[in-house]
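J.: Okay, handing you the structure first.
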Amino acid sequence: MDAYSDVVDRLRSSFRSGVTKPEAFRQSQLKNVMSMLKDNEERVIEAMHKDLAKPKFEAVLSEFEMVLNEIHHASTNLSTWMKPEYVSKNMATTFDDCFVRREPLGVVLVIGPWNYPIQLLLLPMIGAIAAGNCVIIKPSEISAATESLMAEIVPKYLSQDCFAVVCGGPEETAALLKNRFDHIFFTGSQTVGRRILQAASVHLTPVTLELGGKCPCMIFGQVNIAAAARRLMWAKFFNAGQSCVAPDYLLCTAATRDTMLPELSKVLEQFYTKDPQTCPDFCHIVSQRHWTRLMELLKNSSGKVVVGGEGCLEDKYIAPTVLVDVSENDALMQEEIFGPILPILTVESLEEAIEFVNRREKPLAVYTFSNDSSVVNTVLEKTSSGGFCSNDGIVQMTLPSLPFGGVGASGFGNYHGRWSFDTFSHRKACMLRGWALERLNGLRYPPYSEDKLYWLRWTASPKTSCSLM
């Protein structure tokens, strides 16, 4: 028997008892998640600073406020989400109740990443709770301080019969995945995502994968250079570029690049001072292994560093860095950077930029900056990505009423708000029939005839109005 079967069995027993299904229970657990965050805010901020040197401002904005807003959104709308969704009917089903009922899946597993160790762990958990499931959460071992804190505080606030935290690295995750779950939600790299999918296939477990990818940013036509530089630099270097939706590379003409560069340099100094290493507002890299990977990419790039480029292994620090003269085959273009390094590639036209993007795997987000709505609409229409935002970056994922998720290699499945609730729900098709119209039902019984077939097809046709009855 594996090490985690007892935990899974305990939660499955609780789920089968029906305790998680009433709205009152779901609401109480959502309220407890909110209390957990508010009561432990300073401890969580301290843990994330220990893991990533994450500034309090960024922690509160991206971890606390997003999660609290999600809880509020779910709690406010839960009663509506739980109601049956009635559907249109044909003549043959006129007197029946036909509706979609959303039911909890059962015991679900949420595997979180290290870059936003609270937000990306708790947001899917909130959807799972709202949908009436029991949940096991697996924080990332890489953000060790946050992992330890979550393992301590979650059992103090949430029902231990219905919710559990499992800690550990790849070995523990592999052992956990040997159990049968009713859904697995994973946020992380494509490499690990493939392993999750393979493990889930043994039990035919449905999976949501949030995988990221190289998100392009295109600047074409007339644009507010100063505002574009501020928004682009903020989106790229927030959390030191360790965001799945961060702009990964910039495509523009040589003329636009030359106009942008002085403004980019100016903005970075305004944001992070002349010495970003000592700036309390700039995040650091999560581990020495990740630092080494990023510095190797930088070392192997044939591009020219025009801003930054410095690094310090002891502090796990890499300066906000911008490179030019980067080619499509450059080392920086072979994988998602996931760090504070922005390569700029030049193209002759918007059409060439779109073709460049479409030659690659579909990204989690596409960004375009332009005053010209035709430029924005052209990029929107002619590219495929998980999400899209014009004249800004990252902010599209902060709105709970928008779905968040990838397409193609950037993942599949959506969450946030109602989409989280639906991800962790089974949509059961329900038809409640009485004994009316038995004479009409007789058309389907043997012995068959052409007359019966004609009238049965007529009554079942979507063109047949119920008002004819």
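J.: Out of region 334-353, which residues are in contact (Cβ under 8 Å) with a residue 40 or more places away in the chain and either more than 22 Å from His284 (Cα to Cα) or not assigned by TED's automatic domain parsing to the domain that holds Met295 (or both)?
T.: Looking only at region 334-353, we keep the residues that are in contact (Cβ under 8 Å) with a residue 40 or more places away in the chain, and these are 335-350, 353.
Result: Ile344, Leu345, Thr346, Val347, Glu348, Ser349, Leu350, Ala353.
J.: Related question: In this structure, is Lys274 under 18 Å from Gly309 (Cβ atoms), modelled with pLDDT of 95 or more and not in a loop (DSSP other than H, G, I, E, B)?
T.: no
J.: Restricting attention to region 71-94, which residues are among the aliphatic types (A, V, I, L, M) and either surrounded by fewer than 18 Cβ atoms within 10 Å (Cβ to Cβ) or closer than 23 Å to Leu37 by Cα (or both)?
T.: Applying the first criterion (among the aliphatic types (A, V, I, L, M)) to region 71-94 yields 71, 74, 78, 82, 87, 91-92.
Across region 71-94, the qualifying residues are Ile71, Ala74, Leu78, Val87.
J.: Just one of (1) crowded, with 24+ Cβ neighbours inside 10 Å; (2) farther than 27 Å from Phe282 by Cα; (3) of a type outside the set (A, V, I, L, M) trips up Pro117, so point out which.
T.: Answer for Pro117: the failing condition is (2).
J.: Would a scan of region 224-242 turn up a residue that is buried (at least 17 other Cβ atoms within 10 Å of the Cβ), among the polar types (S, T, N, Q), in contact (Cβ under 8 Å) with a residue 12 or more places away in the chain and outside any helix (DSSP H, G or I)?
T.: Yes - at least one qualifying residue is present in region 224-242.
J.: Name the residue that is nearest to the chain's Cα centre (by Cα), counting only residues in region 112-145 that are hydroxyl-bearing (Ser, Thr, Tyr) and closer than 22 Å to Leu177 by Cβ. Walk me through how you get there before you give the answer.
T.: Residues of region 112-145 hydroxyl-bearing (Ser, Thr, Tyr): 116, 140, 143.
Restricting the remaining residues to those that are closer than 22 Å to Leu177 by Cβ gives 140, 143.
Details: Ser140: 16, Ser143: 18 Å.
Out of the qualifying residues, it is Ser140.
J.: Any idea how many residues of region 75-103 are charged (D, E, K, R) and under 30 Å from Gly442 (Cα atoms)?
T.: Total satisfying the criteria: 5.
J.: Go through region 63-180 and tell me which helices (runs of 4 or more DSSP H), entirely inside it, have 2 or more residues that are of a type outside the set (A, V, I, L, M, F, W, C) and touching a Ser or Thr at 6+ places or on another chain (Cβ under 9 Å).
T.: 66-82, 119-130, 144-157
J.: Follow-up question, since we're still on this one. Can you tell me which of (1) touching a helix residue (DSSP H, G or I) at 6+ places or on another chain (Cβ under 6 Å); (2) more than 18 Å from Ala246 (Cα to Cα) is the one Gln277 doesn't meet?
T.: (1)
J.: Considering every residue within region 52-69, establish whether at least one is touching a Lys or Arg at 6+ places or on another chain (Cβ under 7 Å) and not acidic (Asp, Glu).
T.: No, region 52-69 contains no residue that is touching a Lys or Arg at 6+ places or on another chain (Cβ under 7 Å) and not acidic (Asp, Glu).
J.: Out of everything in region 419-453 that is free of Cβ contacts under 8 Å to residues at least 40 places away in the same chain and of a type in the set (Ser, Thr, Tyr), what residue ends up being nearest to Glu70 (Cα to Cα)?
T.: The residue in question is Tyr445.
J.: Any residue in region 18-27 that is in the same structural domain as Ser143 (by TED's automatic domain parsing), surrounded by 17 or more Cβ atoms within 10 Å (Cβ to Cβ), β-branched (Val, Ile, Thr) and not in a helix (DSSP H, G or I)?
T.: yes
J.: Search region 284-301 for residues being under 20 Å from Lys54 (Cβ atoms) and of a type outside the set (Val, Ile, Thr), and hand back the single one that is surrounded by the most Cβ atoms within 10 Å (Cβ to Cβ).
T.: The qualifying residue surrounded by the most Cβ atoms within 10 Å (Cβ to Cβ) is Leu294.
J.: Report, by residue number, each residue of region 326-344 that is closer than 19 Å to Leu232 by Cα and out of contact with any Phe, Trp or Tyr (no Cβ under 6 Å at 6 or more places or on another chain).
T.: Result: Val326, Leu332, Met333, Glu336, Ile337, Phe338, Gly339, Ile341, Leu342, Ile344.
The values are calculated or read from the model by the stated rules, or taken from the named source; none is laboratory data. Remember, predicted model here, so these are calculated numbers, not experimental data. Glycine gets a Cβ as well: all are built from the backbone with ideal geometry, and neighbour counts include every protein chain shown.
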